[in-house]
Amino acid sequence: MNRWFQKGNARRWYRIDMPVRVFILPRSSIRDREIYATGVDYFPPSIKHSISDKTYKTKLWISKIQEQKELVTVLFEEVMEFIEFFGYCTSLISEGRSPKSETEYWLKLSHHQKGFQTIEALKVSSPRTYQYFKLIEQKYLTFLNSLVSSVEKSTPEHFEVDASLPYGFKIDEIMAKFEDPKFAKIPLIQALHHLSNLMDVYMGVYRKIIDDNYLKQFPELWKTQTANVSASGLGIMMEKRFKFQDKVDVYFYFSDANKVLHFEASVVDIRTIEDTFKERIALNFEFPDGKSQNYLQSEIEKFEIKECMELDLTPRD
């Protein structure tokens, strides 16, 4: 097993990699802002690196397009500007700043809600490419309209969540097919694929803001992820970041017993893992109550026993 803390296993509490449902937020939100913000850094170095990587790859493949190069390039550039603008508004929201307070950007939102302006020129000459961009536009507008609605209804004490924001779009199915090696050298396909990936990074950030403001009360919806766990702390990979020595609330959910455990913790280590575009966060629990600590230790031991029972112990030649 991968051990994040080499000294950890010599301590009283044994650390182990195991799947958990966990929800983590700063104990205090950002104060005195235009709209409520959790205090999480949703644009850590790993996310910024991912954005740079996908922007570079998109532009690289755009430069290799030959058919209707001028028209298609203009359209790609427009869509990238739209995507970057959505990202900028998301960054404002993450810091508790409202796009409404910046007149220029709020006017741009109204313009962007009309969709891609140069797309119609492709409708007759390149109907398939036109359809791809229309599906990207559909997904973009769904997220943009959700953002606008949330901003208009949010206050300094509350971030209004659009809980109906859907998962799974038609363009996602198509982009999954484009991962087939047979498309690997087709410039238009690769440019579309990386453009969609770039859009997904920003939309993923916005989705995390929604989840952090909504999912706390629905532990059954928390995603299962592998973490390095002990009864005294937690190490976990995340696509967001906290400040060093931040005080945070950590909640575990155990579905078999429909039980939620709460620990107060402090951030003791943060590392950017660039090749995975994630942050590795280490937390120590602060003065945990014995009952919760014992329950967590029991779950760790149950997982270890289950793992041992599933090991293939068949002798091999």
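All told, V229 falls short of being in contact with a helix residue (DSSP H, G or I) (Cβ under 8 Å, 6 or more places away or on another chain), assigned to a strand (DSSP E or B) and either open to solvent by 60 Å² or more (accessible area, probe 1.4 Å) or outside the structural domain of R21 (by the TED database) (or both). Checked against the criterion of being open to solvent by 10 Å² or more (accessible area, probe 1.4 Å), touching a Phe, Trp or Tyr at 6+ places or on another chain (Cβ under 7 Å), among the polar types (S, T, N, Q) and assigned to a helix (DSSP H, G or I), region 44-53 has no qualifying residue. Applying a threshold of 7 Å to beta carbon distances and a minimum spacing of six or more residues, or different chains, the list of pairs starting in region 85-111 at a residue that is at positive phi and ending at one that is of a type in the set (S, T, Y) and surrounded by fewer than 20 Cβ atoms within 10 Å (Cβ to Cβ) reads G96/Y36. Checking E173, E157, E152, E179 one by one, the residue that is under 22 Å from L107 (Cα atoms), charged (D, E, K, R) and either open to solvent by 40 Å² or more (accessible area, probe 1.4 Å) or touching a residue at least 40 places away in the same chain (Cβ under 8 Å) (or both) is E152 and no other. For region 256-287, a residue qualifies if it is among the polar types (S, T, N, Q) and assigned to a strand (DSSP E or B), and the qualifying residues are S266, T272, N284. Within region 117-149, if we keep just the residues that are in contact (Cβ under 8 Å) with a residue 40 or more places away in the chain and assigned to a loop (DSSP other than H, G, I, E, B), the residue that is least open to solvent (accessible area, probe 1.4 Å) turns out to be S126.
Residues of region 54-83 that are of a type in the set (D, E, K, R), closer than 29 Å to T276 by Cα, assigned to a helix (DSSP H, G or I) and more than 16 Å from the chain's Cα centre (by Cα): K57, K59, E77, E78, E81. Filtering region 24-43 to residues that are open to solvent by 10 Å² or more (accessible area, probe 1.4 Å), assigned to a strand (DSSP E or B) and touching an Asp or Glu at 6+ places or on another chain (Cβ under 8 Å) leaves L25, P26. Checking each residue in region 272-283 for being crowded, with 17+ Cβ neighbours inside 10 Å and under 16 Å from A227 (Cβ atoms) picks out K278, E279, R280, I281, A282, L283. Taken over region 133-166, residues that are over 17 Å from I83 (Cβ atoms) and of a type in the set (D, E, K, R) amount to 5.
When K59, K64, K114 are checked against the criterion of being out of contact with any strand residue (DSSP E or B) (no Cβ under 9 Å at 6 or more places or on another chain), in contact (Cβ under 8 Å) with a residue 60 or more places away in the chain and open to solvent by 10 Å² or more (accessible area, probe 1.4 Å), K64 stands alone in meeting it. The listed residues are E77, E81, E102, and the only one of them that is assigned by the TED database to the domain that holds I189, at pLDDT below 90 and not small (G, A, S) turns out to be E102. Quick check on my filter: what residues within region 44-54 are touching a helix residue (DSSP H, G or I) at 6+ places or on another chain (Cβ under 6 Å) and not small (G, A, S)? Those that are touching a helix residue (DSSP H, G or I) at 6+ places or on another chain (Cβ under 6 Å) and not small (G, A, S): H49, I51, K54.
Counting the residues of region 205-242 that are among the hydrophobic types (A, V, I, L, M, F, W, C) and farther than 18 Å from Y253 by Cα gives 4.
The values are calculated or read from the model by the stated rules, or taken from the named source; none is laboratory data. For clarity, every value in this text was computed on a predicted model and none was experimentally measured. Cβ coordinates were reconstructed from backbone atoms using ideal geometry, including for glycine residues, and neighbour counts include every protein chain displayed. We work out accessible area using only protein heavy atoms, side chains counted, and drop any ligands, DNA or RNA first. Shrake-Rupley method; radii C 1.70, N 1.55, O 1.52, S 1.80 Å.
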